[in-house]
Amino acid sequence: MTTFNRRAFLASLLAVGATITIGVPLAQASPSQIDDAWKQLLDDPCYFEVNEYDTIIEPGFEEPKTRGDVFNICLVGIKTPDDVIYAVGGCIPLTSHFQQLSSDEHDDIVSQLEGDDLSPAQRRALQRLGTALADADEGWKEWVQLEGSKGLVAFRGIIKDWLQEPVEWEDMEYFPRNYGGQGQALAFFEQLPHETLQALGVVIVEGDHPGSTYYAAELKSDMDTANEVASMLELPFRFRVEGTGSIHNG
């Protein structure tokens, strides 16, 4: 039987909605408490669902309401202009938002430069920023750098406001790989040893054709057989047909 790091395995199950009664945070649980939690799940296993296309799904997933429910951006970790650029650049829809904001800022600067009430120093600073913002694709990065530390509060606020806005389904192609019930199940099965996946009949699919964004764990073996294998390997989860219950009930 494959030996698992039970603490890490239980943490993975918690991430997909499993219910475990320990009484303390998992990281603080003693080895005996971990073993007890494992036994609980063996008696009352978690369930993953399998749809008509063999795709494995976490059944307890709730549809997101805001962009922050989809995109994991840590605002407290943004402490420098480089942090802003890293956070924004790692999320294509947010990058597009900053590109639009920088375009608007460029237009505003052009309007200000047409006035006569600027000092020479102010005019030079605006001209420098306006030149940077003229680059529609990369100008926002220079904007962030030129604002420096004094612009951090404003940029964090922009990101926070964007994350709190309703989710845009037209951005779905840019959602994280582990988004949704399908993605959560994929993330779980990806961390299992290859020999365990093989025994269960689970296959990791990373694009079913060139250019595909379909990433999933699929159950290719008979479901009853897979559940027998899971029982034999003393794994605290089972499979069932999609739509027949929550992830944890037995």
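No value in this document is a laboratory result; all are computed from the given coordinates. Quick caveat: nothing in here was measured; it's all calculated off a predicted structure. Virtual Cβ from ideal backbone geometry, glycine too; neighbours counted across all protein chains shown.
State the answer as a single residue: which of S111, A87, W143 lies farthest towards the positive end of the charge dipole of the stretch 67-166, with beta carbon charges of +1 for Lys and Arg and -1 for Asp and Glu, about the Cα centre.
With unit charges placed on the Cβ atoms, the residue in question is A87.
Where does the charge balance sit around A187 when Lys and Arg score +1, Asp and Glu -1, over other residues with C-beta under 10 Å from its C-beta?
Neighbour charge sum, excluding A187 itself: -1.
Percent antiparallel among DSSP beta bridges with both residues in the chain, to the nearest 5?
65 percent
Do you know the Lys pair count in the chain for C-alpha distances under 27 Å, with sequence separation 8 or more or different chains?
So the count works out to 7.
If neighbour count is taken as other Cβ atoms inside 10 Å, put C91, C74, C46 in order from fewest to most.
C74, C91, C46
For a quick check of your reading of the filter: which GluC sites (Glu not before Pro) in the stretch 49-88 sit in a DSSP loop and have no more than 11 other Cβ atoms within 10 Å?
Listed in order of number, the matching sites are E52, E62.
What ³J(HN,Hα) values, in whole Hz, does the Karplus curve 6.51 cos²θ - 1.76 cosθ + 1.60 give for the stretch 63-72 when θ = phi - 60°, with x put for Gly and Pro?
Per-residue couplings from phi come out as 4, x, 10, 10, 4, x, 6, 9, 9, 8 Hz.
Top mean-square fluctuation among E114, E147, E63, Gaussian network model of the chain, C-alpha springs under 10 Å?
Result: E114 has the largest fluctuation of those listed.
If r is the Cβ-Cβ distance from Q112 to Y214 and R0 is 51 Å, what FRET efficiency results, to the nearest 0.05?
Step by step, r from the Cβ atoms, then E = 0.60.
Would you kindly derive the ³J(HN,Hα) couplings of the stretch 187-201 from the backbone phi angles with the Karplus curve 6.51 cos²θ - 1.76 cosθ + 1.60 (θ = phi - 60°), listing them in order in whole Hz, with x for Gly and Pro?
Each residue's phi maps through the Karplus curve to give 4, 5, 6, 4, 8, 7, x, 4, 5, 6, 4, 5, 5, 6, x Hz.
Which angle between 0 and 90 degrees, to the nearest 10, do you get for helix 120-133 versus the longest principal axis of the chain when only C-alpha atoms count?
Result, in degrees: 40.
Taking amide hydrogens as modeled 1.01 Å from N in the peptide plane, which residues meet the under 5 Å criterion relative to R238, leaving out close sequence neighbours?
When sequence neighbours closer than 5 places are left aside, the close amide H contacts are C46, Y47, F48.
What residues from the stretch 55-71 fall in the zone where the backbone N is under 11 Å from a label point 7 Å along the Cα-to-C-beta line of S96?
Answer for the stretch 55-71: none.
With labels modelled as points extended 7 Å from the Cα through the Cβ direction, what inter-label distance (nm, one decimal) is found for E52 paired with S103?
Going by the 7 Å Cα→Cβ label model, 4.2 nm.
Hey, got the dipole for the chain? About the Cα centre, +1 on K and R Cβ, -1 on D and E Cβ, debye to the nearest 20?
1020 debye
Once you keep just the Cα pairs under 8 angstrom separated by 6 or more residues, what percentage relative contact order results for the chain?
So the answer I get is 34 percent.
Around L235, with a cut-off of 14 angstrom between Cβ atoms, what is the net charge of the other residues, counting Lys and Arg +1 and Asp and Glu -1?
So the surrounding residues net to -2.
Among P166, P45, P93, which one moves the most in a GNM of the chain with springs linking Cα atoms closer than 10 Å?
P166
May I ask you to sort Y53, Y214 by Cβ crowding, counting other Cβ atoms within 10 Å and putting the fewest first?
Arranged by neighbour count, lowest to highest, Y53, Y214 become Y53, Y214.
Express the Stokes-Einstein translational diffusion coefficient of the stretch 32-169 in µm² s⁻¹, to the nearest whole number, given a Kirkwood radius over alpha-carbon pairs, 25 °C and a viscosity of 0.890 mPa s.
So the translational diffusion coefficient is about 132 µm²/s.
When the label point is put 7 Å from the Cα of Q40 along its Cα-to-beta-carbon vector, which residues of the stretch 46-75 have a backbone N closer than 16 Å?
46-47
Just in the stretch 1-74: which trypsin sites (Lys or Arg not before Pro) are loop by DSSP and have at most 14 other Cβ atoms within 10 Å?
Passing sites in the stretch 1-74 are K65.
Just want the ordering: V50, V84, from fewest to most Cβ atoms lying within 10 Å of their own Cβ.
V50, V84
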